[in-house]
1. In nm, to one decimal, how far is the residue 190 label point from the residue 145 one, both placed 7 Å along Cα→Cβ?
2. Taking the Cα-to-Cβ direction at residue 181 and at residue 54 and moving 7 Å from each Cα, how far apart do the two end points lie in nm?
3. For the pair residue 239 and residue 110, how long in nm is the line joining their label points, each one 7 Å along Cα→Cβ?
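Only the coordinates and a few stated rules stand behind these numbers; no lab work does. On a predicted model such as this, the values are computed, not experimentally measured, just so you know. Positions of Cβ are backbone-derived with ideal geometry, glycine not excepted, and every protein chain shown enters the neighbour counts.
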């Protein structure tokens, strides 16, 4: 009987081929990991950029409409923070710019169309996110504090229901139900109006007049009882057409307010 010889182990060629396959597979896996990591980083950067754009948009809505311009909101370099867990990594410098285009809509409504863009560079590629928004005159939210001189024009009969009240320093309260009982001059801690219905309320502050939109609230608050809001009340009668086609006299109230230190908010 002849003897048989069995070969065990691998030849050099087989080892080389296996090594090459492992290297190729490892490269593919590593490249896949890098791709996933870059995609996650790009997504985190986009989210951060969108947040920066929204932050500027909210800042624009938080100031008076006439102050929304390139002077108040210039091109700015900011730190773009991604969602990296390591605070020393995942941070890029970005640039925030905005385009502001005033317009007048049908009915005389004044708006400003804004486009806010955040641009940054990652791995040699320019990336950007843009937020488009509209800011309507009379619908922004803002607050001012300091010496106050303002005029509040009320037509409570036209805007029903509405919320209006004055709280005086001695604790008395006047609402839209007893406006006719208000004295011509009073000292107050708070004056608030939130028109409803047809509106037609307005406030003049710093020489600029604006409508008080339905559902919005204007609030004046004195900083101290020793320096209250001095309110002067004047009235005027106007004729308004009723639903029946007749006319009816309505009383419009104009409140002039002044104070050394007070806050006015519109939201």
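1. About 1.7 nm, to one decimal.
2. Placing both labels 7 Å along Cα→Cβ, they lie 4.7 nm apart.
3. Spacing of the two 7 Å Cα→Cβ label points: 3.2 nm.
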